[in-house]
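Taking it in order: structure first as structure tokens, then the write-up.
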Amino acid sequence: MGEEKWSVTVNATGTRVQDPGGEVAEISWEDTLGIFIETNDSGPLGMDVIWLVAGENGSIMFPMGAQGEGAALQYFQSLPGFNNKQVIQAMSCSENQTFEVWRKAP
């Protein structure tokens, strides 16, 4: 599978992801519009739960199981309005769906 070959870091400045090939993508909190979880029906062999951090100029993603995911979730949960119920629903979904877990206040 290879999810553990991804790494994610979330801090006060934003979210940084490094994929298995060494490519790095970053998005600042200033540019972040929302956080989503996408699920698909490729499990258990494929990456079937994916975090998506959407911004004004694109988005970055990392799979469940990435290095640093636990700390990222902890940080995300500290954001005002973070929806843990949507996280629980996403974790139990085996279909192609998108769950909004946080959106920046207007």
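Quick rundown of the values:
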item: Long-range neighbours under 7 Å by Cβ, at least six apart or interchain, first residue over 15 Å from Met64 (Cα atoms) and of a type outside the set (S, T, N, Q) within region 77-95, second modelled with pLDDT of 95 or more and surrounded by 15 or more Cβ atoms within 10 Å (Cβ to Cβ); result: Leu79/Trp102; Gly81/Trp102; Phe82/Phe76; Phe82/Val101; Phe82/Trp102
item: Matching residues, region 71-106, being farther than 16 Å from Glu30 by Cα, assigned to a strand (DSSP E or B) and of a type outside the set (A, V, I, L, M, F, W, C); result: Gln97, Thr98, Glu100
item: Spans of strands (runs of 3 or more DSSP E) in region 7-70 with at least 2 residues hydroxyl-bearing (Ser, Thr, Tyr), at pLDDT 95 or above and buried (at least 16 other Cβ atoms within 10 Å of the Cβ); result: 7-11
item: Selection count where residues are surrounded by 13 or more Cβ atoms within 10 Å (Cβ to Cβ), farther than 22 Å from Thr32 by Cα and within 16 Å of the chain's Cα centre (by Cα), scope region 82-106; result: 2
item: Unmet requirement for Glu3, which otherwise passes all of (1) without any contact (Cβ under 8 Å) to a residue 60 or more places away in the chain; (2) in contact with a Pro (Cβ under 6 Å, 6 or more places away or on another chain); result: (1)
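The values are calculated or read from the model by the stated rules, or taken from the named source; none is laboratory data. For clarity, every value in this text was computed on a predicted model and none was experimentally measured. Note that we place each Cβ from the backbone using ideal geometry, even for glycine, and neighbour counts take in every protein chain shown.
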